[in-house]
Amino acid sequence: MTIGDGHDLKSQRFADDEVLEACYDNERVLRRGDRGPAVVKIQRALIFLNFPVPNVGANGIFGDKTGLAVRSYQEARGLKVDGVVGPETIGSLDEEFYTGPPEPSVMTAPEPHVSEVRTPLEPESPVRPARASPVEPVRAPEVPRVRAPKVTGIHAPPVPKPEVPILATQVTPHEHKPTHISRPEIPPSTLRSHQIDSQGRKLISEGTWQGDRYLEVEAGKSIHFEIIGLNVDRLKIRIKADTGETRESILPPGVIADVDFSRAGEEPFIWKFDIETDSEKSLVDWKLYSD
């Protein structure tokens, strides 16, 4: 099948889909508001690659959650972070699911003709074995029962009680130190339900970013950031919301900064943030709460 300029998708997951082939040929893009089987394929591919679409899943509707998952994938793969599925993004997904061309079929040789004449596997012996004459069973002579003599005054020596080894799981020596457990890497925009902060606000999103970043989330009328710098040196960070509010903080290494935003109106809101740091190598761990 040839679509557009003839550059077709190769993986079985996306090949022959007219909408995705058109995205690959730069004739269109999938963006917020689109829906259909092509959107379902993109959502399932992102979920399979551990870029979830929280509270939505593969519902075939390109909404805000799907846009966040696309941005997370683009950022993780070093692509242009625009939240739409164009030729670069669908090409990257197609490469990840392409498993190569099918193996060539193997020609089988025809079976040789087998004669219809039956041939015994073993020749029959011309001599038949002689029949054995019946033999009566031989009974063993009866042996009288012998009673063992009683022995008195003899006691068995005491058997020492064996020492039971102490398992390693029963006692822990004082000098034993617990094994260090490294913190797992959490992909950006990962939703964790049933987590609240000290003010009773729910955890909406969390992750780790490097350098500058664009963030878009659906939340209530107040937003609370918890930010911690992971670099050795102190870090300057600037967060600007689409409401026009801007917050700036200086983050010493390992110190948590709290940043709050609020707005009036009918919930829920689609919050958009432009986040800038003073270094492209800056590494920031963040959590986002909302009431």
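The values are calculated or read from the model by the stated rules, or taken from the named source; none is laboratory data. Only a predicted model underlies this, so the values are computations on that prediction, with no experimental measurement involved. A quick note on method: Cβ atoms are made from the backbone with ideal geometry, for glycine too, and the neighbour counts reach across all protein chains shown.
Some notes on this structure:
- Strands (runs of 3 or more DSSP E) enclosed by region 192-291 - at least 1 residues per element that are more than 26 Å from residue 51 (Cβ to Cβ) and of a type outside the set (Lys, Arg): 222-229, 235-241, 246-251, 256-262
- Counting only helices (runs of 4 or more DSSP H) wholly contained in region 1-99, the ones carrying 2 or more residues that are among the β-branched types (Val, Ile, Thr) and within 24 Å of the chain's Cα centre (by Cα) occupy 37-48, 64-76, 87-97.
- If you go through region 206-240 and keep only what is of a type outside the set (D, E, K, R) and surrounded by fewer than 19 Cβ atoms within 10 Å (Cβ to Cβ), you end up with 208, 209, 210, 211, 214, 220, 222, 228, 230, 231, 232.
- Cβ-Cβ contacts under 7 Å between residues 6 or more apart (or on different chains), taken from a first residue in region 20-41 that is closer than 14 Å to residue 70 by Cβ and touching a residue at least 40 places away in the same chain (Cβ under 8 Å) to a second residue that is in a loop (DSSP other than H, G, I, E, B) and aliphatic (A, V, I, L, M), are listed as 20/9; 23/29; 29/84; 30/84; 31/84.
- Residues that are free of Cβ contacts under 8 Å to residues at least 40 places away in the same chain and closer than 22 Å to residue 197 by Cα do not occur anywhere in region 269-291.
- Filtering 216, 226, 248, 206 for residues that are at pLDDT 85 or above, within 12 Å of residue 276 (Cβ to Cβ), assigned by TED's automatic domain parsing to the domain that holds residue 285 and acidic (Asp, Glu) leaves a single hit, 248.
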